[in-house]
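The block underneath contains the structure these notes are about, expressed in structure tokens.
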Amino acid sequence: MAARRGALIALEGVDRAGKSTQGRRLVQALRDAGHRADLLRFPDRSTEIGQLISSYLGREKNLEDHTIHLLFSANRWEHVPMMKEKLHQGITVVVDRYAFSGVAFTSAKGNFGLEWCKQPDVGLPKPDLILFLQLNPEAAAERGDFGHERYETSSFQEKVLQSFYCLMEDKSLNWKTVDASKSIEDLHREIKSIAKETMEEVQNKPLGELWK
Ligand code: Z5A
Ligand code: MG
């Protein structure tokens, strides 16, 4: 019998919804329960491409809009061989943002159709589960100011949210929306339970290809 594979779980959601907090908590809880699990964060600012992205987000560098979109995608593709290896070794991979952020942020700029935005990420490992952390703008505001990076304004974030809603209409993907206004602990418990169910369900199924 083929070895069981790990699940690919993506965390998406609006700014300050708690994706990074929940990603860390989930991986730790899975490890504590004896599962093998790793966390990846996109953008991964540690690679050469990631450093370019980071200087763009920090407004130190200006990059043309198509160019930065392709760099965000390239930053995912550079991790694909390692992601596939882990998943096939039975390691569950949790990703803090993925291609959906890529599409939602670029398409929110206007002049970019969703289909064009999706193309560079077609064929990436397909998440078995996409958890969308939903939080209304008032609740997000209580978690502190927007930062000072690019995209961190409420009008832009509202457009990003509308793009996420369009992407969520794709029923070939396993989107689950969770209420991110709950306490960190309650939300963690809910996410852990959904993640564990998914891990069981997909362990003997082949890994899919995104948007193919
Ligand atoms: N971007 C893109 O354009 N294209 C792409 O392909 C990708 C990304 C992948 C940087 O991302 C930017 O890149 C981002 C999208 C764009 N632009 N924006 N905006 P990033 O992932 O580096 O962004 P970030 O700085 O980590 O922010 P974030 O991800 O939006 O935050 P978060 O991870 O969702 O939240 P958090 O850091 O876990 O929590 C935020 C605060 O709330 C913190 O003080 C927590 O302690 C608090 N918190 C968390 N959960 C709770 C609950 N449940 N209750 C109360 N307080 C809470
Ligand atoms: Mg984050």
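The values are calculated or read from the model by the stated rules, or taken from the named source; none is laboratory data. These figures come from a predicted structure and were not determined experimentally. FYI the Cβ positions are ideal-geometry reconstructions off the backbone, even for glycines, and counts take in every protein chain you see. Areas reflect the complete protein model, heavy atoms only, side chains present, ligands, DNA and RNA absent. Shrake-Rupley method; radii C 1.70, N 1.55, O 1.52, S 1.80 Å.
Couple of notes before you dig in:
- For the residues Asp44, Asp15, the requirement of being within 16 Å of ligand 2 (Cβ to nearest atom), in a loop (DSSP other than H, G, I, E, B) and farther than 24 Å from Met168 by Cβ singles out Asp44.
Let's see how each residue does on (1) more than 9 Å from ligand 1 (Cβ to nearest atom); (2) free of Cβ contacts under 8 Å to residues at least 40 places away in the same chain; (3) among the hydrophobic types (A, V, I, L, M, F, W, C):
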position: Arg76; (1), (2), (3): no, no, no
position: Val80; (1), (2), (3): yes, no, yes
position: Lys84; (1), (2), (3): yes, no, no
position: Thr92; (1), (2), (3): yes, no, no
position: Arg97; (1), (2), (3): no, no, no
position: Phe112; (1), (2), (3): yes, no, yes
position: Glu149; (1), (2), (3): no, no, no
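- Annotation note: of Lys86, Lys61, the sole residue that is surrounded by 18 or more Cβ atoms within 10 Å (Cβ to Cβ) and charged (D, E, K, R) is Lys86.
- Segment 1-47, residues that are in contact with a strand residue (DSSP E or B) (Cβ under 7 Å, 6 or more places away or on another chain) and small (Gly, Ala, Ser): Gly6, Ala7, Ala10, Gly13, Ala17, Gly18, Ser20, Gly23, Ala37
- Within segment 132-153, the set of residues being within 26 Å of Arg76 (Cα to Cα) and either out of contact with any Phe, Trp or Tyr (no Cβ under 8 Å at 6 or more places or on another chain) or open to solvent by 60 Å² or more (accessible area, probe 1.4 Å) (or both) comprises Leu133, Gln134, Leu135, Phe146, Gly147, His148, Glu149, Thr153.
- Restricted to segment 91-183, the set of strands (runs of 3 or more DSSP E) holding at least 2 residues that are at pLDDT 95 or above and under 19 Å from Val80 (Cα atoms) comprises 92-96, 129-134.
- Contact map, segment 189-208: residues that are within 10 Å of Gly6 (Cα to Cα) and touching a residue at least 24 places away in the same chain (Cβ under 8 Å) paired with residues that are outside any helix (DSSP H, G or I) and open to solvent by 30 Å² or more (accessible area, probe 1.4 Å), Cβ distance under 6 Å, separation 6+ or inter-chain. Pairs shown: Gln203/Arg4.
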